[in-house]
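Scroll down for the structure; my scribbles are underneath it.
The values are calculated or read from the model by the stated rules, or taken from the named source; none is laboratory data. Here the structure is a predicted model, which is why all the values come from computation and not from measurement. Positions of Cβ are backbone-derived with ideal geometry, glycine not excepted, and every protein chain shown enters the neighbour counts. Surface accessibility is based on the protein's heavy atoms, side chains included, excluding ligands, DNA and RNA. Shrake-Rupley method; radii C 1.70, N 1.55, O 1.52, S 1.80 Å.
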Amino acid sequence: MADSATSVIATSPGSDQSEIGCKQDWMPDWLLSWAEDPDGDGVYVYTTKAIPPGYYEARVAINESWTLNYGANAAQNGANIGF
């Protein structure tokens, strides 16, 4: 359990979200793509086996909003990250 007042809520919204059960793609407030920092080292991880093979893009959104987001090379408001 976490909240945005005491924790960073980092989600990975992108073109893959509908594949993992989200209502639609590119939704920063859908927590099915929540990345976590289990060991507290500042490195957030999101893992799933639900995405079929293909090309997708995503970003990292902070606190369920696009207000603060990171793209390629950890650039704020940077380009989408392809995978």
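A compact table of results
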read-out	value
Contour minus Cα-Cα distance for ILE51 and ASN80 (0.36 nm per residue)	8.7 nm
Charge dipole (debye, nearest 20) of the chain; +1 at Cβ of Lys and Arg, -1 at Cβ of Asp and Glu	220
Net length gained if the chain between GLN24 and TYR70 were fully extended (0.36 nm per residue, minus Cα distance)	14.6 nm
Residues of the chain: accessible area per residue with a 1.4 Å probe, Å²	63
Rounded percent of accessible protein surface that carbon and sulfur make up, the chain, 1.4 Å probe	53
